[in-house]
Amino acid sequence: GENVEQHPSTLSVQEGDSAVIKCTYSDSASNYFPWYKQELGKRPQLIIDIRSNVGEKKDQRIAVTLNKTAKHFSLHITETQPEDSAVYFCACSNFGNEKLTFGTGTRLTIIP
Amino acid sequence: GAVVSQHPSWVICKSGTSVKIECRSLDFQATTMFWYRQFPKQSLMLMATSNEGSKATYEQGVEKDKFLINHASLTLSTLTVTSAHPEDSSFYICSARGGGFEQYFGPGTRLTVT
């Protein structure tokens, strides 16, 4: 089955700086790559997603890049703010089998 | 946007009893629903996938006789933890999917077994 690795596990960034989280996956058939933000005790919230026919997608301060050849994708958060502090999960799926496989998570702390 | 609810939000039960958790899609029909379990400081682990009107598909290592899943309608799926034990204490989260890629997550249910 699919295996997703996520790095780093923890990341501390000065407010205003950028944060980058990287994931690699194993199944070349995966074609959907969402990123979720989860605050303590709450549901995962989709913050951005990308499909395999696109190499990059941006939404204000958040961007995701995808390299299908290398089988890795990254989350970029610019101009970080204290409210960006949370745990971030990458995930991927193959539309054909529907289920999401999650990465291990990155605890992002923004230092004021 | 698509909304998924879960009930209860938290539950405490005694060892050996059963607990039922409901997952509802409020404003869309969910062709597929998923059940995840999340232990503290860990990732979401898929337990099972359920499609309306058919048997759930369980992930490897998940006991189907212990975690009973019923998906009786396009808006409701239930997870019953039978004969719960302290090691079943966890955060259980459902998600629902309509016709597209995106999964919409419920708010989660925190189960504590004493």
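The values are calculated or read from the model by the stated rules, or taken from the named source; none is laboratory data. In this text, all values refer to a predicted model and were calculated from it rather than measured experimentally. Because the Cβ atoms are built from the backbone with ideal geometry, glycine has one as well, and the counts that use them run over all protein chains shown.
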Which numbered condition in (1) farther than 20 Å from A:Val87 by Cβ; (2) in a loop (DSSP other than H, G, I, E, B); (3) polar (S, T, N, Q); (4) within 11 Å of chain A (Cβ to nearest Cβ) is the only one that B:Thr49 fails? (2)
Qualifying position, being of a type in the set (S, T, N, Q), more than 11 Å from chain B (Cβ to nearest Cβ) and over 14 Å from the mean Cα position of the chain (by Cα), among A:Thr24, A:Thr109, A:Thr65: A:Thr109
Restricting the first residue to the range A:37-50 and requiring it to be more than 10 Å from chain B (Cβ to nearest Cβ), which pairs with a second residue that is part of a loop (DSSP other than H, G, I, E, B) meet a Cβ separation below 9 Å and a spacing of at least six or different chains? A:Lys37/A:Pro44; A:Glu39/A:Ser85
Spot the failing condition for A:Asn53; the list is (1) in a loop (DSSP other than H, G, I, E, B); (2) within 30 Å of B:Thr112 (Cα to Cα), and only one is missed. (2)
Checked against (1) surrounded by 17 or more Cβ atoms within 10 Å (Cβ to Cβ); (2) within 14 Å of chain B (Cβ to nearest Cβ); (3) touching a residue at least 40 places away in the same chain (Cβ under 8 Å), A:Ile77 satisfies every condition except (2)
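From the list A:Arg43, A:Arg107, pick out the single residue that is modelled with pLDDT of 95 or more and part of a loop (DSSP other than H, G, I, E, B).
Numbers: A:Arg107 fails: part of a loop (DSSP other than H, G, I, E, B).
Answer to the check: A:Arg43.
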All but one of (1) surrounded by 13 or more Cβ atoms within 10 Å (Cβ to Cβ); (2) part of a loop (DSSP other than H, G, I, E, B) hold for A:Ala70, so report the exception by its number. (1)
